[in-house]
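Enquirer: One structure, pasted below without further comment.
The values are calculated or read from the model by the stated rules, or taken from the named source; none is laboratory data. The model shown is predicted, which means the values in this text are computed figures rather than measured ones. Neighbour counts are summed over all protein chains in view; Cβ atoms, including those assigned to glycine, are modelled from backbone coordinates with ideal geometry. Heads up: the accessible areas ignore ligands, DNA and RNA and are worked out on the full protein's heavy atoms, side chains in. Shrake-Rupley method; radii C 1.70, N 1.55, O 1.52, S 1.80 Å.
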Amino acid sequence: MTESPATKPANGEACQRVKNGLKPERNGWAKSLHRCHEPQPEHHGQPEEEEVLAASYPASLYSQPFLESFEETPMLVAVLTYMGYGILTIFGYLRDFLRHWKIERCHIAREKEEQRDFVPLYQDFENFYTRNLYMRIRDNWNRPICSVPGAKMDLMERASRDYNWTFEYTGRVVQDVINLGSYNYLGFAENTGPCADSAAEVTMKYGVGVASTRQETGNLDRHEEMEKLVAKFLGVESAMAFGMGFATNSMNIPALAGKGCLILSDELNHASLVLGARLCGSTIRVFKHNNMQSLEKLLREAIVHGQPRTHRPWKKILIVVEGIYSMEGSIVRLPEVIALKKRYRAYLYLDEAHSIGALGPRGRGVVDYFGLDPCDVDVMMGTFTKSFGAAGGYIAGKKDLIEYLRSHSHSAVYATSMSPPVVEQIITSMKCIMGEDGTTLGCERVRQLAENTVYFRKRLREMGFIIYGNNDSPVVPMMLYMPAKIGAFGREMLKRNIGVVVVGFPATPIIESRARFCISAAHSKDMLDRALSVIGEVGDLLQLKYSRHRIQPSSARPFDDNVYEDIDD
């Protein structure tokens, strides 16, 4: 494929390849630190073993350094991870043999004996994985909390007498657990303060439920005010809100595309985007994660060849991306996506579920982060469930688009209106971020989140953990890899009063299990230091410090001036 201005290296040089554990990634780009507008730092250690990749993207499209890290899985760790899954699979088949002969009791859902000749209702491999692997670590999920999910939370203790098949509550409450799992980026999930007071006041006036759709008698004046505020916040003509973030994607994409349309979807897009694309009946083609060469190749082929068999032009081409990818912690290369979208006359659908409120100097998402014009994004989607501490989602853009969705979107026509106290929570928190409440609290929280994110990521790298994603992303994945360490990490952290989220297959590739930390503006430095100390302690206990190019800790140098030391296996 020939190079275009959107994929050509900014300095006219080819990318350097790495040998120190930074691999060519599954998307065709190298997993490494991506930079623009700054010289390559000096590297300490053995030069023949240590190089850092210079990203190949047009510096003219970026107004600030763009730093992302995706370090290669060490070979020994990869081999041991595969061996671990292999051993678990062998023992799983052995236990299935014992269950078949009634030697071991099976609690999982299975086909009834009288239906043995029917087409199987349950998928065999997923069922196998659930009963033999997931059940071993099931205690790390669905933990009930009994407090506000703020910087700290209270957990209800539970125990299992049958190896995680069922749980019993002990009656004990684990108090003051530092919360590194909730998407409470700006700390608005709270039960005191202006948001809680406003929501309580509105509840007394409007009640909790609306009991109707927006098109009937469920359209409140607070709904209208909220949508005008969202449009103003995003800098677009109009916006509309929906009661569920997942349905905002899955029910609105089918209204925007159909048969004869082409959807180009990032391979790591959220399940709601994937479902929406499948429901609309359009042709779907997947490009490699954040890989502009892959995206341009698909765009070019779509323009040249058109639809299969008939070769007619596509009715429309819709590029679907996310602002922050929730499992990788990476940020979309939006300036390049917009450049390609304009060049090939495609439409752009941007999901800002995790980035709205969490990125940008004004907290207005990835568009604000890159200093771009919101009008360059055709469909702006986001959720209120994270930075705003509420529920639901929105679609924003041109007025014609929103008016079309009001009558064609299943979420708008058939879904019940948003609850009034939820709407008030959104209005109050958004005004706070915009500074319309007469305070600087919102700006301070946006700035505090950015500082906490950089500090937390920096310290984890200094300790030798493999961290994925962009330096400015509050979603911080820390690689665990081995299946036994998924459950062990979550349990050991909770023993030390730190609540974390651990993630494995099928949410991630089978050998890329990880812990995912979500940083909040509500976290104080003392909380982060305490959490980092415990993470380091548990990391030593479970031998999780896999990184081969650890950043040298230094209080004198700026964070962006990365200096590495070579770490032997």
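Enquirer: Stick to the Cα atoms of the range 243-378, pair each with every other, and give me the Kirkwood hydrodynamic radius in Å at one decimal.
Expert: Values: mean 1/r = 0.0662 Å⁻¹.
Evaluated over the range 243-378, this radius sits at 15.1 Å.
Enquirer: Ranking request for peptides 380-388, 450-458, 209-217: highest mean number of other beta-carbon atoms within 10 Å first, then the rest in descending order. Walk me through the numbers on the way to the answer.
Expert: Values: 380-388: 27.6, 450-458: 19.9, 209-217: 14.6.
Highest-to-lowest ranking by the protection proxy: 380-388, 450-458, 209-217.
Enquirer: How do 362-375, 413-426 rank on mean C-beta neighbours within 10 Å, highest first? Don't skip to the end; give the middle numbers.
Expert: Values: 362-375: 19.9, 413-426: 21.5.
So the peptides 362-375, 413-426, ranked by packing, come out 413-426, 362-375.
Enquirer: Shifting gears a bit: Give me Rg/Rg_expected for the range 352-418, where Rg uses Cα atoms only and Rg_expected = 2.2 N^0.38 Å with N residues. It would help to have the intermediate numbers written out before the result.
Expert: Details: Rg = 13.1 Å, N = 67, 2.2 N^0.38 = 10.9 Å.
Rg over 2.2 N^0.38 Å, computed on Cα atoms: 1.20.
Enquirer: For the range 148-279, rounded, prolate or oblate, judged on the Cα gyration tensor with a ≥ b ≥ c (square roots of eigenvalues), a/c < 1.5 rounded, else prolate if a/b > b/c?
Expert: Numbers: a/c = 2.09, a/b = 1.29, b/c = 1.62.
Since a/c reaches 1.5 but b/c is at least a/b, the shape of the range 148-279 is classed as oblate.
Enquirer: Roughly to the nearest percent, how much of the accessible area of the range 408-462 is carbon and sulfur, given a 1.4 Å probe?
Expert: The computed percentage sits at 55.
Enquirer: Sorted by packing (mean other beta-carbon atoms within 10 Å per residue), highest first, where do 524-536, 468-480 land?
Expert: 468-480, 524-536
Enquirer: Quickly work out the residue 162-to-residue 106 label distance, labels modelled 7 Å from Cα along the C-beta direction, and quote it in nm with one decimal.
Expert: With each label placed 7 Å out from Cα toward Cβ, I get 1.5 nm.
Enquirer: For the range 65-185, what is the charge dipole size about the Cα centre, in debye to the nearest 20, if Lys and Arg each add +1 at the Cβ and Asp and Glu each add -1 at the Cβ?
Expert: In total the dipole reaches around 480 debye.
Enquirer: Within the set of other residues whose C-beta is less than 10 Å from the C-beta of residue 177, count the net charge using Lys and Arg as +1 and Asp and Glu as -1.
Expert: Numbers: positive: 143, 152, 496; negative: 154, 176.
Around residue 177, the charge tally is +1.
Enquirer: With no solvent and one equal point scatterer placed on each C-alpha of the range 310-403, evaluate the Debye formula and give log10 I(q)/I(0) for q = 0.13, 0.18, 0.26 Å⁻¹, two decimals.
Expert: Calculated log10 I(q)/I(0) at the listed q: -0.45, -0.82, -1.46.
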